[in-house]
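Heads up: the structure comes next, in structure tokens.
The values are calculated or read from the model by the stated rules, or taken from the named source; none is laboratory data. Everything numeric in this text was worked out from a predicted model, so none of it was measured. Using ideal geometry, Cβ is built from the backbone for each residue, glycine included, and neighbour counts are taken over all protein chains shown.
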């Protein structure tokens, strides 16, 4: 692996692709792409370098520092990197307590501190779901591991194994962690939700279960803070092995509810495509300033749907083009404009599509990457940004995988 150069009560901060219809794509306007294809020097031998899609791996602190946590591969585990010049150069900060197979999801606080949930993508009795916090010192723009951490959210064993964890904080400072739990005795896989009222030192079971109790393991969940509540968006699978039915669903609780209040899940959309997204993880969700949720996901093409928080109802999914999509990441600006990054088919470019809050109409797909790149172009972007939108994307078809950086003016 090559390296280049207070507590939590503060609020969460918030070659060219061949197109079947050329009119669906256009050149980016001048100044929109500030830079792209910038080498970061961050490399890994782990294919899941910045996985999974619905997890967050990139954040911007209030003073403009970009922070990324990636799976470094080898025997190193997770690593924290930072950029002080809008992504033009990157510095390795520190290795984080984790295994070589660990992946993470996290949030940035108003003081710049990072909170992370670490787990693995598969399942193992030796891999727990863990929480860690990295306190930020704005004077020197550096993070330090809290001396009381990491803490264990869920301890796996031979019978029950936790994985694929995500993290959020509600308006009361309560931490919420959603993760997949596989039970070898029952053969069932479901989504569990735990919470912490003491800044992540100890964790309690909310007693809430999501997803159908069956042997399908392609279940994933993202817990999201909406400003007044906590939402859990998840992938569910039902039906038979020969005819599985994949769907997106969600559940919600108000921040004023008792911590073990029952949460009723409701459907968002049934997947139309019969293949693609084999792990149920090619989707991304973000909350805006109104508490609305914006969800992009692979289902043949990239599709989009929005939760209207005022009526707690999701819109009918719309296709964001005719091309077969794969990886995607969604970001919301402080003005509630929505940006979706995507890669199409076997294409070598990174694309973005914008939905301004003022018009609520999707524009054309705009090319972000300047040159075509081999590899899967798995991308990661922050959930919320202010005036600049950074994105990291994974290139190279074989080891070493590398991250490139692009910056958009939004």
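Listed values, structure above:
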{"quantity": "Answer from 201, 207 - the residue that is modelled with pLDDT of 95 or more and farther than 27 Å from residue 134 by Cα", "calculated": "207"}
{"quantity": "Qualifying residue in the range 6-29 (condition: assigned to a strand (DSSP E or B) and modelled with pLDDT of 95 or more)", "calculated": "no"}
{"quantity": "The listed residue being buried (at least 24 other Cβ atoms within 10 Å of the Cβ) and at pLDDT below 95, out of 323, 394", "calculated": "323"}
{"quantity": "Near pairs, Cβ below 6 angstrom, 6+ apart or cross-chain, from the range 53-72 (within 12 Å of residue 86 (Cα to Cα)) to any residue that is modelled with pLDDT of 95 or more and not in a strand (DSSP E or B)", "calculated": "59/382; 60/382; 61/112; 63/138; 65/84; 65/141; 66/87"}
{"quantity": "Count of the range 219-245 residues which are closer than 23 Å to residue 187 by Cβ and surrounded by fewer than 22 Cβ atoms within 10 Å (Cβ to Cβ)", "calculated": "9"}
{"quantity": "Of all residues making up the range 53-81, the number that are surrounded by 22 or more Cβ atoms within 10 Å (Cβ to Cβ) and within 29 Å of residue 304 (Cβ to Cβ)", "calculated": "14"}
{"quantity": "Any pair with Cβ under 8 angstrom, 6 or more apart, that starts in the range 172-198 at a residue that is on the phi > 0 side of the Ramachandran plot and ends at one that is buried (at least 17 other Cβ atoms within 10 Å of the Cβ) and in a loop (DSSP other than H, G, I, E, B)", "calculated": "173/8; 173/199"}
{"quantity": "Qualifying positions in the range 75-120 - more than 19 Å from the chain's Cα centre (by Cα), assigned to a strand (DSSP E or B) and within 18 Å of residue 60 (Cα to Cα)", "calculated": "83, 91, 92, 93, 94"}
{"quantity": "Residue within the range 210-233 that is at pLDDT below 95 and at positive phi present", "calculated": "no"}
{"quantity": "Matching residues, the range 275-291, being surrounded by fewer than 20 Cβ atoms within 10 Å (Cβ to Cβ) and at pLDDT 95 or above", "calculated": "289, 290, 291"}
{"quantity": "From the options 123, 168, residue that is under 20 Å from the mean Cα position of the chain (by Cα), surrounded by 16 or more Cβ atoms within 10 Å (Cβ to Cβ) and part of a strand (DSSP E or B)", "calculated": "168"}
